[in-house]
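Below is one structure; the comments refer to it alone.
The values are calculated or read from the model by the stated rules, or taken from the named source; none is laboratory data. Note that the structure is a prediction, hence the values are computed from the model and not measured. Methodologically, a virtual Cβ is constructed for each residue, glycine included, from the backbone with ideal geometry; neighbour enumeration extends over all protein chains shown.
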Amino acid sequence: MPKTGESNQLKPNGLGVARILKAARCSIKGFQAAYRHEAAFRQELLLSLVLLPFSFVIASSLANWVALIAVLLLLLLVEVINSAIEALADRISTDLHELLGRAKDLGSSAVFIAFMIVVLVWGESAYSYFVAA
């Protein structure tokens, strides 16, 4: 809560629609940075774009299609967070440090888990479409 006499605006990004527009601009800059600086993000984005058309073919229901798309978005989300962790770690220090290395390894593990979720969901859908059908 602001103290008496202080502005109700606690953040410099403004309020209402102006804040939403600034947040959208920041999001676009984040996507651009991920694409420009992160090879893993580009690879996962390409994978997602390649798999997207197949989702319409192999999905057995609307819920299954949503799951196929959601896990691809999850993978991109986790990669963006991992990239943010790596950028912050590198900003702190590029020297070898146990805790910075652990932070990067944990982020990488999160990406691996998200990728395994993609493999499971897409694998089950592909199996149901091609083998069990």
Residue check, Lys104 against (1) more than 19 Å from Phe115 (Cβ to Cβ); (2) free of Cβ contacts under 8 Å to residues at least 40 places away in the same chain, all met but one. Which one? (1)
Given the structure, is Ser125 small (Gly, Ala, Ser) and surrounded by 14 or more Cβ atoms within 10 Å (Cβ to Cβ)? yes
In the stretch 42-49, is there at least one residue being within 30 Å of Ser125 (Cα to Cα), touching an Asp or Glu at 6+ places or on another chain (Cβ under 8 Å) and modelled with pLDDT of 95 or more? yes
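Residue by residue, here is whether (1) touching a residue at least 60 places away in the same chain (Cβ under 8 Å); (2) assigned to a loop (DSSP other than H, G, I, E, B); (3) touching a helix residue (DSSP H, G or I) at 6+ places or on another chain (Cβ under 8 Å) holds:
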residue: Gln32; (1), (2), (3): no, no, no
residue: Leu45; (1), (2), (3): no, no, yes
residue: Leu49; (1), (2), (3): no, no, no
residue: Val66; (1), (2), (3): no, no, no
residue: Leu96; (1), (2), (3): no, yes, no
Residues that are of a type in the set (Asp, Glu) and under 27 Å from Ser27 (Cβ atoms), drawn from the stretch 78-104: Glu79, Glu86, Asp90
Count of residues meeting criterion [buried (at least 18 other Cβ atoms within 10 Å of the Cβ) and within 20 Å of Arg36 (Cα to Cα)] in the stretch 86-110: 3
Return the residue satisfying two criteria in turn: it lies in the stretch 48-64 and is buried (at least 16 other Cβ atoms within 10 Å of the Cβ) and of a type outside the set (Ser, Thr, Tyr), and of such residues it is nearest to Val131 (Cα to Cα). Ile58
